[in-house]
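Data first, discussion second: the structure below is written as structure tokens.
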Amino acid sequence: MMKKNDIVTITITDISHNGSGIGKTEEGFVVFVPELLIGEIAQVKILKVLKNIAYGKTVKILTPSVKRTVPACQVAKQCGGCVFHHTTYQNECDIKQQLVKNAFRPMGENIPEIASAHPSPKQEAYRNKMLLPVGYDKDGNIVAGFYRARTHEIIPCSACSITYPEFLSITECILSHLRKHRIAPYTEEKHSGIVRHIFIRRGEHTGEIMVGLVVNLKKNYESVLHTKELIEQLLLLHYNIISIALNINTKKTNVILGEETITLHGKKYLTDTMNGISFGISLPSFYQVNTLQAEQLYLKALSLLGDNYETVFDLYCGIGTITLNLARKAKKVYGIESCAPAVEDAKMNRDANGIGNVEFICGTAEEEAPKLVKQGIVPDAVVLDPPRSGCEESLLEMLCDIKPKKIVYISCNPATLARDMKYLTDNGYHADTVYPFDLFPRTFHCECVTLLTQK
Ligand code: SAH
């Protein structure tokens, strides 16, 4: 029987959904090991044993894969956010195609073709947003970084190859301000302290930067946070910081953002463009993190949908990035989104771009779309772009009832995409192909888009 601290030799035959190599010992025991590639033979130290599987870490790679590379990121090992720094980008795309195929296995025979993953135009410095928890390190220094996997220990973010380099200097500037004025980081256990997270977002095409602090503080911002000095320091550092904000979160929760955002300096919105349309994005609103690749994804979604519609619903529409493109394809477009600030942004973006045939509704897709249908507003096409949890079954049921000709489904989670597609294909729809888009290079995440048509 295998036990903790055993050293075993395994051959990797598969990759798990979160990027670990999966191999078997000679006795046939399955072991999951991060950073190993298919075909590699390695000596592995067992860290944890469950009934049928074990987890381990590499002691020595006996036979390295030809697809192995030296990680481009200095902190790849400690941070854990990226899992594919140790292989070629082509292999990463191949693995992602396979992971999407694996996610569709539970669908049974009715499996669509899974296309090869569309590679991202950038694999480094693509991420336009960073949200770093602030806390203390072991020696009591104020730091910001990433949580070590399955812990609340913060690993300082001294480097990050997937975000813009200026995010690091901005983070360092904020941290030295906090240290100088002894402004305490928030601690979840005691629900005390002030600064919870550092938020930074940059427009890929405009270079505009928004900086935010998520704080456990209801008043006296200037005296507690020395905001005037912080603003001065930040503006000296980067001329393109166009907005500095506080997001107020005084709740005992692990939800990162609070409901109120206060602009301390500059604009309430960051501006960026996507496929030539200009968008204002306020701090709490969702905005795809890899702009260049998201533009490609949207173009694919729009071409799958086709043209000449009466009424289109864009469900989970965010700030209207897809909705405003749909305006050219239909007489009337309805965007539905549950995050109120995003709906405000969407309306502003529609008006700023002079688009007249789009209406935005604030509420959940599962509640608001049926209300429109009851009023006799029935879509002939629908775009779905839900969060990781996918769509509520009641929404899918309603769609199968009203039978729009086409449904384009964009998803950031292949598992819930497969689940929801099973429902739709069991109830009147057909899909040929799922197109993976690598929106998140180096991480195990993969976006997909597919078209479902009435059988
Ligand atoms: N289509 C947009 C946003 C996609 S992200 C874009 O490409 O930018 C998913 C969005 O769904 C987020 O903006 C989130 O706030 C919103 N959301 C989450 N649950 C929802 C629900 N039940 N109904 C409507 N919107 C929801």
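Residues in segment 70-77: is at least one within 20 Å of THR163 (Cα to Cα), buried (at least 19 other Cβ atoms within 10 Å of the Cβ) and touching a His at 6+ places or on another chain (Cβ under 9 Å)? Yes; the residues of segment 70-77 include at least one that is within 20 Å of THR163 (Cα to Cα), buried (at least 19 other Cβ atoms within 10 Å of the Cβ) and touching a His at 6+ places or on another chain (Cβ under 9 Å). Looking at ILE46, ILE61, ILE15, ILE22, which is the one that is of a type in the set (A, V, I, L, M) and within 24 Å of the chain's Cα centre (by Cα)? Unique residue meeting the criteria: ILE15.
Taking the criterion of being closer than 16 Å to GLY320 by Cβ and charged (D, E, K, R), would at least one residue in segment 261-283 satisfy it? Steps first, answer last, please.
First pass over segment 261-283, keeping only residues closer than 16 Å to GLY320 by Cβ: 269-282.
Those left that are additionally charged (D, E, K, R): 272.
Yes, segment 261-283 contains a residue that is closer than 16 Å to GLY320 by Cβ and charged (D, E, K, R).
Residues of segment 158-172 that are open to solvent by less than 20 Å² (accessible area, probe 1.4 Å) and either touching a residue at least 40 places away in the same chain (Cβ under 8 Å) or part of a loop (DSSP other than H, G, I, E, B) (or both): ALA159, ILE162, TYR164, ILE170, THR171. It is to be established whether one or more residues within segment 175-194 are assigned by TED's automatic domain parsing to the domain that holds THR250, modelled with pLDDT under 95 and in contact with a Phe, Trp or Tyr (Cβ under 6 Å, 6 or more places away or on another chain). Checking segment 175-194: not a single residue is assigned by TED's automatic domain parsing to the domain that holds THR250, modelled with pLDDT under 95 and in contact with a Phe, Trp or Tyr (Cβ under 6 Å, 6 or more places away or on another chain). Taking the stated definitions as given, is GLU295 charged (D, E, K, R), modelled with pLDDT of 95 or more and open to solvent by less than 40 Å² (accessible area, probe 1.4 Å)? It is true that GLU295 is charged (D, E, K, R), modelled with pLDDT of 95 or more and open to solvent by less than 40 Å² (accessible area, probe 1.4 Å). Within segment 1-24, restricting attention to residues that are surrounded by fewer than 20 Cβ atoms within 10 Å (Cβ to Cβ), among the hydrophobic types (A, V, I, L, M, F, W, C) and more than 29 Å from PRO441 (Cβ to Cβ), the residue that is modelled with the lowest pLDDT is MET1. May I ask you to list the residues in segment 310-349 that are open to solvent by less than 20 Å² (accessible area, probe 1.4 Å), of a type in the set (A, V, I, L, M, F, W, C) and more than 8 Å from the ligand (Cβ to nearest atom)? VAL312, PHE313, LEU324, LEU326, ALA327, ALA330, VAL333, VAL343, ALA346 - these are the residues of segment 310-349 that are open to solvent by less than 20 Å² (accessible area, probe 1.4 Å), of a type in the set (A, V, I, L, M, F, W, C) and more than 8 Å from the ligand (Cβ to nearest atom). Residues in segment 220-235: is at least one open to solvent by less than 40 Å² (accessible area, probe 1.4 Å) and under 25 Å from the mean Cα position of the chain (by Cα)? Within segment 220-235 (the criterion being open to solvent by less than 40 Å² (accessible area, probe 1.4 Å) and under 25 Å from the mean Cα position of the chain (by Cα)), the answer is no, since none of the residues qualifies.
Residues that are among the small types (Gly, Ala, Ser) and closer than 30 Å to TYR126 by Cα within segment 420-447 are absent altogether.
Evaluated against (1) modelled with pLDDT under 95; (2) surrounded by 16 or more Cβ atoms within 10 Å (Cβ to Cβ), LYS455 falls short on exactly one condition, (2). Taking the stated definitions as given, is PRO379 within 13 Å of the ligand (Cβ to nearest atom) and either modelled with pLDDT of 95 or more or touching a Pro at 6+ places or on another chain (Cβ under 6 Å) (or both)? Judged against the criteria, PRO379 is not a match. Would you mind finding the one in LEU417, LEU424, LEU439 that is modelled with pLDDT of 95 or more, more than 16 Å from the ligand (Cβ to nearest atom) and touching a Cys at 6+ places or on another chain (Cβ under 8 Å)? None of the other options fit; the residue is LEU424.
Scanning segment 25-35 for residues that are more than 25 Å from the chain's Cα centre (by Cα), open to solvent by less than 60 Å² (accessible area, probe 1.4 Å) and either modelled with pLDDT of 95 or more or on the phi < 0 side of the Ramachandran plot (or both) returns THR25, PHE29, VAL30, VAL31. You will find that of ILE111, ILE95, the residue that is closer than 20 Å to ALA415 by Cβ and surrounded by fewer than 18 Cβ atoms within 10 Å (Cβ to Cβ) is ILE111 and no other.
The values are calculated or read from the model by the stated rules, or taken from the named source; none is laboratory data. Quantities reported herein were computed from a predicted structural model and do not represent experimental measurements. Neighbour counts are summed over all protein chains in view; Cβ atoms, including those assigned to glycine, are modelled from backbone coordinates with ideal geometry. To get the accessible areas, we keep the full protein, side chains included, count just its heavy atoms, and leave off ligands, DNA and RNA. Shrake-Rupley method; radii C 1.70, N 1.55, O 1.52, S 1.80 Å.
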